[in-house]
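The values are calculated or read from the model by the stated rules, or taken from the named source; none is laboratory data. Just so you know, these numbers come straight off a predicted model, no measurement behind them. Quick reminder, even Gly has a Cβ in these numbers, built from the backbone with ideal geometry, and neighbours come from all protein chains shown.
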Amino acid sequence: MPPSPAPDNNDSSSAASVILKDEFGRSLVCHIEHSIDIDGKQYLLLLPADAPVEIIAWEDDGEEAEAILIEDDEEIDSVFENAKAVLAEQDLVLKRSAFSLTVTGELPEVDDNEVLTLEIEEDGVALEPEEFQLLASFLYQEQEYAVYTPLDPLLFFARLNSKGEPELLSPEEFKEVQPLLEEQLFEAMD
């Protein structure tokens, strides 16, 4: 039986939840923000229950420091325990969740002096700049790293499969249904 849609008031504490799984068996608990039926298929707009985080390496070329988003699993594996330790000092627990690293615990208040703006490209196309709040910094093998959480929510689009389990939309499927999803979401928010 598919999960019921979230209430219209978007109160995530009472929203239904689902678990997204990746190909490595890792899971990510998400609240269902919206449920949309398109051509007999149920699509879900999901918000992770825990705060997503990114690990960034700082490359200093002598003139200016450049932030490099760490996406390689091997590099994440190598710095994970150090990141986990510095976050634990703030009562935050770092997890290897599906599709994103996450932390549980109370995030600090946003400090404008600790906000990083990154211009991210996807498939060679510049996306809207994203803002991240610094949570912690650490050194690993003489390399400076930092853990940041996005200021804007990280949302996922999923589709319920024949077993009623959520599956993240592939980039191709998302592009195909994006106009319909956006249209129905805007209608639902009015």
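What number of residues within the stretch 66-98 satisfy the criterion of being outside any helix (DSSP H, G or I) and without any contact (Cβ under 8 Å) to a residue 12 or more places away in the chain?
Just the residues of the stretch 66-98 that are outside any helix (DSSP H, G or I), to begin with: 66-72, 89-98.
If we keep only those that are without any contact (Cβ under 8 Å) to a residue 12 or more places away in the chain too, we end up with 66, 71-72.
Here the count works out to 3.
Looking only at the stretch 65-86, decide whether some residue is among the small types (Gly, Ala, Ser), crowded, with 19+ Cβ neighbours inside 10 Å and modelled with pLDDT of 90 or more.
yes
Does residue 98 qualify as being of a type in the set (A, V, I, L, M, F, W, C), at pLDDT below 95 and within 13 Å of residue 48 (Cβ to Cβ)?
When the stated conditions are applied, residue 98 passes them.
Hey, can you tell me all the residues within the stretch 37-64 that are in a loop (DSSP other than H, G, I, E, B) and surrounded by 11 or more Cβ atoms within 10 Å (Cβ to Cβ)? First the steps, then the outcome.
Filtering the stretch 37-64 down to residues in a loop (DSSP other than H, G, I, E, B) leaves 39-40, 49-50, 61-64.
Scanning the stretch 37-64 gives 49, 50.
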